[in-house]
Amino acid sequence: MVASRSQLTSWQRLQKQAQGLKNTHLKHLFAADASRFDKLSLAIPGVLFDYSKQLIDVQVRDTLVELAEQCDLAQWRDKMFAGDKINFTEQRAVLHTALRNPGNVAIDVDGINVVEQVHKELAKVAAFVDKVRSGQWRGYSDKAIRDVVSIGVGGSNLGPQMATEALASYADDTLNIHYVSNVDGVQIAQVLKQLNPETTLFVVSSKTFTTSETMTNAATAVRWLKEAAKDDGAVAKHFVAVSTNLQKTAAFGIADENVFTMWDWVGGRFSMWSAIGLPIALYLGFDAFSELLAGAFEIDEHFREAPLNANIPVLMGLLSVWNTSFLDHRAQVILPYDQALHMLPAYLQQGEMESNGKAVNFAGEPVPYTTVPLIWGMTGINGQHAFYQYLHQGTTIVPADFIASVEPQTEVDGHHHVLMSNFFAQSEAMMNGVDAEQVRADLLQKGVSEQQIEELIPHKLHQGNRPTTSIILDKLDARALGRLIALYEHKIFVQGIILQICSFDQWGVELGKGLAKNIESELRAQSVGEHDSSTQGLMAYYLNKRR
Ligand code: F6P
């Protein structure tokens, strides 16, 4: 038995405060306090974080911080940075922060200084990137590499792909990058048909090197290459791997010197800072990759050093707990006003939902509160023309994170003000809403009849009071992206500690994987085994049609 968070005095006070604030409108909180923005926003180099449009007040913020103190958040944070095995269920350290720490202070895991390992591997990545980008690395017909195909899924895909999309404006034309994550053959077929095998390099990224989707795609890529090269030796010149599993990479035919290592203390969804980020470094150059790491390191330092009430990731995590576990908002939407961040919602979906989408505490007991929300989203502008109707007038309140930059990556006359006017307008609208008097005044002015006005009022009312956070970066470059992602990573850590969730395992994805393996054998043998009648019926239907 562990003491439940719900027994803590701060938790109980928050429950009462939530009851009080549920009957309060955000616009009244703003009207009552002209300095609300100053009190509930903070800026650190390159980032403005405004949480004044969240349904809280200074007392709630302070009680949330007290909750963090009562949960020993600072001590847990320090254990993570020190390499303690805080991933209890797998007996592993959690050290993605070591991947971006430029210092030389040793961190010991099982008697090994991981800092030394990290720096050694980074140097290997840098040398390899240089060789490929400079054209020294040659393919089987002695041509330089032009295209890189990254094969991987989940944490071995989303980070690199999200980051290369986010920073594509800074890429030179040395290399093209492609991603294959889905085992649906349509994806790899479409990628391969554009490519010349003589000038293509495959990076097979898989922490375990057992993930069936990745292994299937990699095997297809090998066949494609061998067919063109008519030489099995070509594999060594066109395939490298990123993995912890050297036995499997060797069995696959990749020489050890072409394998970039990661370690079991790097969780898949936190791994883009490791050699898993190789596609980022290949596409943008190693300097840009170093900038990404430097941005994340700045946030690591902020997370370690800033007082809890002025600590952005701490506040992000606490606000999420407040919205979900106290105000019962069960979804959260991520809205980047930046086309380059179009993959950010998908990336954060894995980060938060795979980490904290769980229902038992550290001791394995059911938690008596709702844990983390469903995370979804898309670029804000496109979302406006798709699902914002639901956000403004739906029956479910969905707290939102708005993300934008002061400077656009690409200045096109007049565009950025249009984009940013929407960024500012939407969170203002979600907060204020529109009441009946405003609707009436507007329609009267347009000459609408009294009767029509009365009919239209309920349809045009916006309750407002929708909580939002706004994050404004200076400009989305590699350093800024590193900062942004590290903020969310630490937010996820904070949520886990407050909610007593083991954030670093993912047993929930294993069940389906195991079942799929058995079913795959049945499909290959064209025989339906022991299943419930629905699964049997579906499989039989499929097999009959495939005959
Ligand atoms: O989807 C589950 C998962 O284990 C993720 O956590 C991980 O990022 C992904 O699969 C890929 O795993 P691997 O890198 O071992 O191929």
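The values are calculated or read from the model by the stated rules, or taken from the named source; none is laboratory data. Since we're looking at a predicted model, the values are computed, not measured. Don't worry about glycine lacking a Cβ; one is built from the backbone with ideal geometry, like all the others, and counts go over all protein chains shown. Calculation scope for accessible area: heavy atoms of the full protein, side chains included, ligands and nucleic acids excluded. Shrake-Rupley method; radii C 1.70, N 1.55, O 1.52, S 1.80 Å.
Structural remarks
- Selection within the range 153-179 - within 16 Å of the ligand (Cβ to nearest atom) and under 16 Å from Leu481 (Cβ atoms): Leu158, Gly159, Pro160, Gln161, Met162, Ala163
- Residue among Ala228, Ala241 that is open to solvent by 40 Å² or more (accessible area, probe 1.4 Å), modelled with pLDDT of 95 or more and either within 13 Å of the ligand (Cβ to nearest atom) or hydrophobic (A, V, I, L, M, F, W, C) (or both): Ala228
- Within the range 473-521, the residues that satisfy the criterion of being surrounded by fewer than 19 Cβ atoms within 10 Å (Cβ to Cβ) and away from the ligand (no atom under 16 Å from the Cβ) are Asp474, Lys475, Asn518, Ile519, Glu520, Ser521.
- Residue among Ala219, Ala171 that is in contact (Cβ under 8 Å) with a residue 40 or more places away in the chain, outside the structural domain of Lys475 (by TED's automatic domain parsing) and either among the aliphatic types (A, V, I, L, M) or within 25 Å of Val125 (Cα to Cα) (or both): Ala171
- Taken together, the residues in the range 191-215 that are in contact with a strand residue (DSSP E or B) (Cβ under 7 Å, 6 or more places away or on another chain) and free of Cβ contacts under 8 Å to residues at least 60 places away in the same chain amount to 6.
- Test: Asn182 is within 16 Å of the ligand (Cβ to nearest atom) and surrounded by fewer than 16 Cβ atoms within 10 Å (Cβ to Cβ): yes
- Here Thr89 fits the description: outside the structural domain of Thr261 (by TED's automatic domain parsing), more than 30 Å from His25 (Cα to Cα) and either open to solvent by 60 Å² or more (accessible area, probe 1.4 Å) or assigned to a strand (DSSP E or B) (or both).
- Any hit, the range 270-278, residues being of a type outside the set (A, V, I, L, M), over 24 Å from the mean Cα position of the chain (by Cα) and either away from the ligand (no atom under 16 Å from the Cβ) or over 22 Å from Ser134 (Cβ atoms) (or both): no
- Considering the range 335-357, and only residues there that are away from the ligand (no atom under 15 Å from the Cβ) and without any contact (Cβ under 8 Å) to a residue 60 or more places away in the chain, the residue that is nearest to Glu411 (Cα to Cα) turns out to be Gln339.
- Looking at the range 287-384, the helices (runs of 4 or more DSSP H) lying wholly inside it that each contain 2 or more residues that are open to solvent by 10 Å² or more (accessible area, probe 1.4 Å) and polar (S, T, N, Q) sit at 380-384.
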